There are 2 protein chains.
Amino acid sequence: MNDPINLLSKFDLFSDHWSPKVVAEMNDYQFKLVKLKGSFVRHNHTETDEVFIVIEGSMGIELSDKTVELNEGEMAVVPRGRLHRPFATEECKVLLVEPRGVVNTGSAGGEQTAVNDVWI
Amino acid sequence: MNDPINLLSKFDLFSDHWSPKVVAEMNDYQFKLVKLKGSFVRHNHTETDEVFIVIEGSMGIELSDKTVELNEGEMAVVPRGRLHRPFATEECKVLLVEPRGVVNTGSAGGEQTAVNDVWI
């Protein structure tokens, strides 16, 4: 069994935005840290739900019919197929949980697409 | 999409120890809150890894060859099949992530076995 993972210490290891880093795997799922700032592309994931857990700061998720605000210590599940656009006015530190291989921009692609399986 | 889940507010809704409550599902995985205090039975889960994320307080996980200490803001993955005994001297608030249907005492059973699928 690996050593415990200190989430805030791991966040100190990178500074780029919208570029998830893997810190742990459980079965075929990954736990990824990501720093959000600004606006992300609207996209969906047709094969999986996606979990956001806010570790520090605040973020929003714009959906077709509403905008959800997520603050520190809060989590949300974006259902599979649901179009969503994450954004953060100030930098926000987030823990993502999703199956291995999920691409951050999902169906949308484009320049905000990050390389997968970058471990820290 | 459901409203955001405030983890600390959810912890205010129950007081029993070693009795996980489901707060969210992602695909066939569940996110469960549990309050730990005292010692749990040594057990393993032969079919799945298990994730512990400490939201408040400190806990330990005793393995066959070492004891891992987990503090607030830290997470650990117990690999499938690995015998482990969670414990906490003072009450500790933990977020568990594991597949739907996992029994808390795994292979061990006994009086600390909790009812599954209790949502809060």
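Rule-based calculations on the coordinates, nothing more; no lab input. Owing to the predicted nature of the structure, the values given are computational and were not obtained by experimental measurement. No Cβ is skipped: glycine too gets one built from the backbone with ideal geometry, and neighbour counts run over all protein chains shown.
Details
- Rounded D (µm²/s) - the protein assembly as shown, Kirkwood Rh over Cα pairs, Stokes-Einstein at 25 °C, 0.890 mPa s: 135
- Mean per-residue shielding of peptide B:45-55 is 3, counting Cβ atoms of other chains within 10 Å of each Cβ.
- Helical mean residue ellipticity (222 nm; -39500 (n - 2.57) per DSSP H run of 4+; nearest 500) of chain A: -1000 deg cm²/dmol
- Relative contact order for chain B: 33 percent, from Cα pairs under 8 Å spaced at least 6 residues apart, divided by residue count.
- Two-site label geometry, B:GLU111 and A:PHE87: point separation in nm, points 7 Å out along Cα→Cβ: 5.6
- Taking 1.306 mPa s as the viscosity and 10 °C as the temperature, the Stokes-Einstein diffusion coefficient of chain B based on its alpha-carbon Kirkwood radius rounds to 111 µm²/s.
- Pairs of Lys residues in the protein assembly as shown, spaced 8 or more positions apart or belonging to different chains, with C-alpha separations under 15 angstrom: 20 in total.
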